Each structure stands twice: as structure tokens, then as C-alpha cells.
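The values are calculated or read from the model by the stated rules, or taken from the named source; none is laboratory data. Note that the structure is a prediction, hence the values are computed from the model and not measured. Cβ placement follows ideal geometry from the backbone for every residue including glycine, while neighbour counts extend to all protein chains displayed. These accessible areas exclude ligands, DNA and RNA; they are computed on the full protein's heavy atoms, side chains included. Shrake-Rupley method; radii C 1.70, N 1.55, O 1.52, S 1.80 Å.
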Amino acid sequence: MKAEIAVIGGGIIGSTAAYFLARDGRAGKVTVIEPDPTYARAATPQGAGGIRRLFSRAENIAMSQYSLSFYQDLDRGLASEGKNIGFRKQGYLFVVGAEGAADLEKNHRLQTSMGVPAELLDVPALRDRFPSLGTADLTLACHSPDDGWVDPQAALSTLRKAAEALGVTYLRGRVDALSTSRRTVTAATLDDGRELQAGFFLNTAGPWCSEIAAMLGAALPVQPLCRAQHFWRCSQPVEPMPLVKDESGMFFRPEGDGFAGGCPSFAVKPGFIFDLGYGFFADYFERAVWPLIAKRLPKFEEIKLERTWGGHYAQNSFDGNMIIGRFSRDHDNIITACGFSGHGLMHAPAVGRALSELALDGDFQTLDLSALTMDRVWEGRPYPEIGIK
């Protein structure tokens with residue numbers, strides 16, 4: 001089997017990259033290798049689906065600006081077919097105590113300088129806007145009313161179908177080995193023995209990206225980190241809420257007639273965990289999440305937990321920000337986008353476009369994402385988000 005470009009991993013990043021490659025018209029045959037077309041254990045469908053511009057790094061703000069517009073246009077385009085990706089422009093709200101106020105204000109200045117319609121709220125204004133919130137420990141909030149979220153499964157399915165409609169081939173299989181010749185990756189061998197030859201490769205395997213890198217003797221500081229999410233209903237009425245997030249990492253947002261949310265824990269060891277019924281996560285909601293959400297919204301003292309599910313961050317242990325571009329010092333025709341640490345769907349359209357540019361033009365054309373390459377890892381220059389991640 002042969003292709004001009006092979007994409008390893010058909011989740012939201014791989015599928016969006018394939019879409020932009022095919023849309024450009026210069027890529028030739030694009031083949032995506034994906035082991036599970038149901039995406040039962042993929043990272044994307046298990047996420048919160050949020051798209052927000054409340055970041056401290058200009059690159060992340062700019063990517064979210066493009067992604068927000070992309071998802072809105074995609075949702076509107078599907079409406080004529082009676083479909084949608086569940087886009088809801090219901091806003092984001094970051095809330096902080098005294099120690100986080102300076103960072104929130106600094107980030108807000110950058111955000112508004114880049115055209116983000118975000119507003120700082122002091123505690124009286126916060127109480128007036130969202131009276132159900134608990135504010136005893138808060139000093140300041142930042143509200144971005146035009147941000148929102150999508151249905152992750154619907155977004156992934158739609159982008160895969162869009163890529164296929166443009167001629168992208170999806171090949172079911174798992175990459176077991178990569179063949180090389182000097183500085184060139186020549187082929188991917190699948191778990192059933194088939195071989196796909198290609199002139200260029202993208203490693204978009206999400207939490208599995210380090211396994212692909214290791215096949216080339218390269219190392220990525222990216223590990224799977226399990227995080228649990230929960231759905232609950234509240235017995236008391238709550239006013240319309242944005243996605244609320246605080247410094248603990250706790251977040252919640254409306255979901256149908258209830259709420260979805262959680263709080264990632266870095267106490268859990270990196271690795272894949274697909275059964276949350278025992279061990280660290282067995283009582284995690286009652287032990288760790290419920291106290292946080294009830295503190296932030298006291299009406300959540302009376303709730304009914306209905307479902308818990310798990311997914312995996314592709315966690316960048318170096319600085320928490322994504323890595324894009326070359327990752328193997330010894331190979332010139334393979335690049336990656338990985339280590340999103342929970343922001344993959346959020347930035348997928350901008351990243352997919354950037355990967356297409358790197359593959360076809362050799363450099364960034366639309367957004368300069370050079371601060372997010374492996375150079376910073378190799379040179380020991382962390383580039384983390386400041387404030388609420």
C-alpha cells in the first residue's frame with residue numbers, strides 16, 4: 001500500500017490534519033491509520049468539548065480564536081442538513097482567589113489586546129451575574145460570554161466524514177513498526193503485517209504518540225493521564241451557567257437537564273486506566289470532586305450522580321503545552337502534534353491547518369507556532385500556561 005502522506009492516529013487532530021491536507025489539493029493520496037473506527041477508547045469523545053480563549057499564551061489564544069470560528073461555521077453548515085455538532089455559545093467563567101488575581105488580570109490584558117471579548121468581574125458583580133455561585137473564597141473572575149463547547153463525538157465524526165468526502169482513506173490497523181532509510185521514514189508496518197509506504201508521516205496518536213516516537217529511537221515527554229468526568233442532576237434550580245473553572249482544576253458546565261464536570265488529579269500515576277470501578281477512582285467523585293463543586297455552587301450539595309466515565313489526557317510532562325513539528329533529530333519526514341494536556345479538541349482546527357502547512361510548505365504559514373516546537377524541550381525552555389490551565 002502506498003500514499004503520499006500517512007497520518008498515524010485518526011482522532012480529532014489526525015482527522016482535522018487529513019481534512020486540511022485534502023482540502024489544499026497538493027497533498028496527493030492521504031491515508032489515516034486508525035485502530036478503532038468506533039473510537040471506544042480514543043481521547044476525543046471522552047472530553048468536555050470546550051473551546052475558550054482564556055489563555056496566557058498568545059499562540060493558544062490565536063488557535064482558539066480560529067477554532068471557535070471554525071466550529072461555529074461547521075455547525076451552521078450542518079444545520080441545512082438537519083445536523084449539528086452541538087455547538088453552544090454559553091461562555092466560560094474563570095474564578096480565582098487573592099493569589100490568582102494578578103495572573104488573571106495580566107492574562108485578561110493580553111486576551112483583550114487580541115480582540116477577545118472578556119470581562120473582569122469583582123465579587124459583587126459576580127454575585128449579581130451568577131447568584132448561585134459560592135464566592136466566599138473568591139476575589140476576581142473573568143467571563144468570556146462568546147466561548148462555548150461542542151459535542152466531542154459529533155465533532156470527530158463530522159471531521160472524519162469531511163476528510164473522507166475529500167478523498168482521504170481511513171485504514172483500520174495499529175502501527176507496530178516504522179521502517180527507515182537514512183534520515184527518512186519509508187513505511188509503517190501494521191499489526192496484521194500489512195505495510196503502508198509513504199513519503200511523509202504525521203504522528204497524531206494522542207496518548208499513544210510516545211509509543212510511535214520510540215519506534216524511531218526518539219522520545220516525547222507525553223504520557224497518558226487518566227481523568228474522570230461525571231454527569232449529575234441538581235434538585236434545586238440553577239440559573240443558566242457558563243463553563244465554570246477555578247484554580248483547583250475543578251470545572252462544570254450545563255449538559256442537557258444536568259451538569260457535567262470533574263477535576264483532573266495529578267496524583268494518579270500516568271498510564272491507561274479503562275475501568276474506574278476500583279483503585280484510585282473508585283470513590284473519586286465523593287472524595288475529591290463533590291466537595292469542590294459544592295463549594296463553588298452550594299446548591300450542588302443536593303445532587304444525584306448518574307454517570308462517571310474516563311478518558312485520557314495526552315499530558316505533556318515538560319510544560320503542559322502542546323508540541324508541534326519535528327520530534328526526531330534523525331528523521332526529516334515525520335512530524336507530530338501531541339501533548340495537548342486536555343486542549344486537543346479545542347485547538348484541533350488550527351493545529352490541523354498548521355500540520356498541513358508543515359507537511360506541504362515546510363513551515364508555518366498562517367499562525368507562527370514556533371514557540372511550541374520540540375526545540376524548547378531539547379533546549380530546556382518550558383513554555384507553560386500561567387494561571388488556570
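Return the only residue of Val116, Val95 being β-branched (Val, Ile, Thr), surrounded by 15 or more Cβ atoms within 10 Å (Cβ to Cβ) and part of a strand (DSSP E or B).
Val95 is the lone residue from the list that is β-branched (Val, Ile, Thr), surrounded by 15 or more Cβ atoms within 10 Å (Cβ to Cβ) and part of a strand (DSSP E or B).
Looking only at residues in the stretch 138-168 that are among the acidic types (Asp, Glu) and open to solvent by 50 Å² or more (accessible area, probe 1.4 Å), which one is farthest from Leu121 (Cα to Cα)? Before you say what the answer is, go through the steps one by one.
Step one: filter the stretch 138-168 for residues among the acidic types (Asp, Glu), giving 146-147, 151, 164.
Now drop any that are not open to solvent by 50 Å² or more (accessible area, probe 1.4 Å), which leaves 146, 151, 164.
Details: Asp146: 16, Asp151: 29, Glu164: 45 Å.
Checked the stretch 138-168; the qualifying residue farthest from Leu121 (Cα to Cα) is Glu164.
Which one of Gly86, Gly28 is surrounded by fewer than 20 Cβ atoms within 10 Å (Cβ to Cβ) and either more than 17 Å from the chain's Cα centre (by Cα) or outside any loop (DSSP other than H, G, I, E, B) (or both)?
Gly28
Give the residue, chosen from Arg41, Arg23, that is open to solvent by 10 Å² or more (accessible area, probe 1.4 Å), modelled with pLDDT of 95 or more, over 23 Å from Leu243 (Cα atoms) and basic (Lys, Arg).
On the way: Arg41 fails: modelled with pLDDT of 95 or more.
Exactly one of Arg41, Arg23 is open to solvent by 10 Å² or more (accessible area, probe 1.4 Å), modelled with pLDDT of 95 or more, over 23 Å from Leu243 (Cα atoms) and basic (Lys, Arg), namely Arg23.
Across the stretch 366-381, what is the total count of residues that are crowded, with 17+ Cβ neighbours inside 10 Å and touching a helix residue (DSSP H, G or I) at 6+ places or on another chain (Cβ under 7 Å)?
3
Could you tell me which of the residues Ser317, Ser328 is open to solvent by 50 Å² or more (accessible area, probe 1.4 Å) and modelled with pLDDT of 95 or more?
Only one candidate qualifies: Ser317.
Given Glu255, Glu286, Glu306, Glu301, which one is of a type in the set (D, E, K, R) and closer than 30 Å to Phe70 by Cα?
Just a single option satisfies the conditions, and that option is Glu255.
Scan the stretch 136-159 and give yes if some residue there is within 26 Å of Pro254 (Cβ to Cβ) and without any contact (Cβ under 8 Å) to a residue 24 or more places away in the chain, otherwise no.
Applying the first criterion (within 26 Å of Pro254 (Cβ to Cβ)) to the stretch 136-159 yields 136-159.
If we keep only those that are without any contact (Cβ under 8 Å) to a residue 24 or more places away in the chain too, we end up with 136, 157.
Looking for residues that are within 26 Å of Pro254 (Cβ to Cβ) and without any contact (Cβ under 8 Å) to a residue 24 or more places away in the chain, one finds at least one in the stretch 136-159, hence yes.
Any residue in the stretch 252-269 that's open to solvent by less than 70 Å² (accessible area, probe 1.4 Å): show its pairings with residues that are modelled with pLDDT of 95 or more and of a type in the set (Asp, Glu) at Cβ separation under 9 Å, as long as the two are six or more apart or on different chains.
Gly258/Glu306; Gly261/Glu255
Can you give me the number of residues within the stretch 50-83 that are at pLDDT 95 or above, assigned to a loop (DSSP other than H, G, I, E, B) and either in contact with a strand residue (DSSP E or B) (Cβ under 7 Å, 6 or more places away or on another chain) or of a type in the set (S, T, N, Q) (or both)?
Total satisfying the criteria: 4.
Can you name the residue in the stretch 174-194 that is touching a Leu at 6+ places or on another chain (Cβ under 9 Å), open to solvent by 60 Å² or more (accessible area, probe 1.4 Å) and part of a strand (DSSP E or B) and, of all such residues, is farthest from Ser210 (Cα to Cα)?
Among them, the one singled out is Thr180.
Could we say that Pro131 is open to solvent by 50 Å² or more (accessible area, probe 1.4 Å) and outside any helix (DSSP H, G or I) here?
Yes.
Kindly list the number of the only condition in (1) crowded, with 16+ Cβ neighbours inside 10 Å; (2) of a type in the set (A, V, I, L, M); (3) part of a helix (DSSP H, G or I) that fails for Leu171.
Status for Leu171: all satisfied but (3).
Would you point out the residue of the stretch 331-365, among those that are under 16 Å from Leu21 (Cβ atoms) and part of a loop (DSSP other than H, G, I, E, B), that is least open to solvent (accessible area, probe 1.4 Å)?
Only one residue tops the list, namely Asn333.
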